There are 4 protein chains.
Amino acid sequence: MINKIYQGAKMDVDKKYFSNITSRERAIFEGAISMGALFHQFIGTPVNIDSAKSLEIAISKSLKLQPAIEDVEVRIDLEKLKEVNTEFDYVSLSGDMLNVKIISKIDNIMAIIKMEFIEELNYPLMYIEDIFDE
Amino acid sequence: MINKIYQGAKMDVDKKYFSNITSRERAIFEGAISMGALFHQFIGTPVNIDSAKSLEIAISKSLKLQPAIEDVEVRIDLEKLKEVNTEFDYVSLSGDMLNVKIISKIDNIMAIIKMEFIEELNYPLMYIEDIFDE
Amino acid sequence: MINKIYQGAKMDVDKKYFSNITSRERAIFEGAISMGALFHQFIGTPVNIDSAKSLEIAISKSLKLQPAIEDVEVRIDLEKLKEVNTEFDYVSLSGDMLNVKIISKIDNIMAIIKMEFIEELNYPLMYIEDIFDE
Amino acid sequence: MINKIYQGAKMDVDKKYFSNITSRERAIFEGAISMGALFHQFIGTPVNIDSAKSLEIAISKSLKLQPAIEDVEVRIDLEKLKEVNTEFDYVSLSGDMLNVKIISKIDNIMAIIKMEFIEELNYPLMYIEDIFDE
C-alpha cells in the first residue's frame, strides 16, 4: 500500500513524480531538502540565551510542515552563544551553534538526518544518522 | 544626557559612530534596519495556521535583540494563509501576509515603524507611523 | 573505488559518516540538501528583469560549491516577473518564478534534481528528474 | 519640489505615507532598510574566492532596486575567506566578511550608510558615514 503524503492533491503526485525512486530514497530526499532549508532559512537570525528557546520552537514547527517530515529537533548551543557573545548581548545564528535532527518517513521507512558542527572539519556536517524499516 | 544603547561597549560607539545624527534620526535608522532585517530573514519560512503563532513569537523575540528596539509586534494574516493555502497545507511566508510594528527608542525619542501590505500598490510598504518625544 | 568528495579532509568523512548509504542514495541526499538550501537562501531577494541574470549566476555559483554538486541551472521566469511586477519596478523572488536543475554526482552516479512550480498544486515541487549510472 | 520616488504609483505614496518626515530622515530610513535587508538576505550563502565576485554583483544589483537606493558597493573580504576556509573549500557568508556601502537619495539629500565589521566590538556595525545636501 502506498501512503500518499500529498493527501489532498488533485493529481497523483507520488505516482507522477516519485515512482522512479524507492521509499527509502524518498525518505532521504525529503529529509535532506528540509535540512538544507532549515540551515539557509534561519542562519543569520539574531539570537541570545533568552530568545533561543522560542527560535528552536519556531524552527521545529515550520520545518515539520514540509512533506514527509515527522519530527524536527533543534538545539541551539547555549555555551556557544555565551562564548561568541558580542558587546551587544546577541549574535547572528551560525552553523556552529546548531544541532538538528530531522526525522522523515515514507511508507514504513524512517530516516534520521543529522546536522552537527564537526570541529575537526570546521563545518556543519549533514549526514544520515540512521535509516530503517519500522 | 546621552543614553548609551551599547552599554557594555569598550569603546564609545555612540560618540564615535553616531554623533553626526540626531536622536530622532537614529531612532529612524535603527528601526528601519530591523524592519529590513525582519522581512529578509523570515520571508520564505514554511507556515500554516497552526505554526503561525510560534513564528510570530520567534520573529518578535529575535528582532527585539537589535540595538534600540523596544518592541516588535508581528501579525501573520491567518485569512491570507487560508486563501493561498496549497494542496500541502502550508505556504512560504510572503510579504502580503505580514503586518509588523517595530518600536525603536533613542534617548526620549520613540519611532513607530510599520510594514503593511498595500493592495493598491501590491507592495509591503514600510513607513514611519509615528515618531515623538515621550 | 571510492571517490572522496571531501578531498582535503583530515578525517575520512565518507567512511565515518556515509558508509551506511549507497552512492545513489548519497547523490540524492546531497542534491536535495542543495535544493532546499537554494530555495530558502534566495527567496525574498529583490529582483526585476534587469537584475535577474546576475542573480541566476550568483545562485548557481554559490550552490555549486556544496559537496557533490556538479552543476546548477537556475532560470528566473521573466514572464512571471513582468506579470507580478509592482508599482516599484521590482518584486521579491518567490517560488513560482523559479525553475532549477541541480546535478549531483557521487562516484559514477548522477542525480538530476528539479524544482519547478506546478500550477495545479500551487507549489514549487522538488523531485528527481533522473538518476543514472554514467 | 518633491521628487516622487514611486513614480508609477497610482496613489501619492510620498504624500500619504512620508509627509511626517524630512527628506534627510527619509534618506536615512530607506538606506537603513536596505542595509538590514542585505545582511539578512545573504548571510549564510555558500561562498569562496572564486564565487565572491558574482555574489557581490548580485547583492549590489538586487539591493539597488529598492526605493531611493542610488548605489550599493559590496566587498567580500577575500583574506577572511582564506582564513576561515573549511576543509571543503567554501564557507557560509558571515558578517565579519562583509563591507558594504549603500547610497540613498531623497530629493537633494544623499546618505551614505556603511556596514563594517568592528573587531573591537565583534560586531558588523551599521552607521551613517555621511549625509549631505548635494
**OP:** Could you grab me the full set of residues in region C:78-118 that are over 26 Å from C:Ile28 (Cβ atoms) and acidic (Asp, Glu)?
**Re:** C:Glu79, C:Glu83, C:Glu87, C:Asp89
Subject >> Conditions (1) among the β-branched types (Val, Ile, Thr); (2) surrounded by fewer than 20 Cβ atoms within 10 Å (Cβ to Cβ); (3) farther than 30 Å from A:Met97 by Cβ; (4) at the interface with another protein chain (Cβ under 7 Å from one of its Cβ atoms); number of the one not met by D:Ile21 >> reply: (2)
Original post:
With respect to C:Lys105, is the statement that it is more than 14 Å from chain A (Cβ to nearest Cβ), at pLDDT 95 or above and over 12 Å from the mean Cα position of the chain (by Cα) true?
Top reply: yes
**OP:** Name, by its number, the condition in (1) within 11 Å of the chain's Cα centre (by Cα); (2) more than 8 Å from chain A (Cβ to nearest Cβ); (3) hydrophobic (A, V, I, L, M, F, W, C) that does not hold for C:Ala37.
**Re:** (2)
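For region C:73-94, how many residues meet the condition of being among the aromatic types (Phe, Trp, Tyr) and without any contact (Cβ under 8 Å) to a residue 12 or more places away in the chain? It would help to see each step written out before you state the result.
First, pick out the residues of region C:73-94 that are among the aromatic types (Phe, Trp, Tyr): C:88, C:90.
Then drop every residue that is not without any contact (Cβ under 8 Å) to a residue 12 or more places away in the chain, which leaves C:88.
Counting residues in region C:73-94 that are among the aromatic types (Phe, Trp, Tyr) and without any contact (Cβ under 8 Å) to a residue 12 or more places away in the chain gives 1.
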Original post:
Which of the following residues is aliphatic (A, V, I, L, M), more than 21 Å from A:Phe42 (Cα to Cα) and either within 14 Å of chain A (Cβ to nearest Cβ) or buried (at least 20 other Cβ atoms within 10 Å of the Cβ) (or both): C:Val84, C:Val100?
Top reply: C:Val100
Subject >> For B:Asp71: the one exception among (1) of a type in the set (Asp, Glu); (2) within 14 Å of chain D (Cβ to nearest Cβ); (3) surrounded by fewer than 22 Cβ atoms within 10 Å (Cβ to Cβ) >> reply: (2)
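The values are calculated or read from the model by the stated rules, or taken from the named source; none is laboratory data. Since we're looking at a predicted model, the values are computed, not measured. Counting neighbours? That spans all protein chains shown, and the Cβs are built from the backbone with ideal geometry, glycine included.
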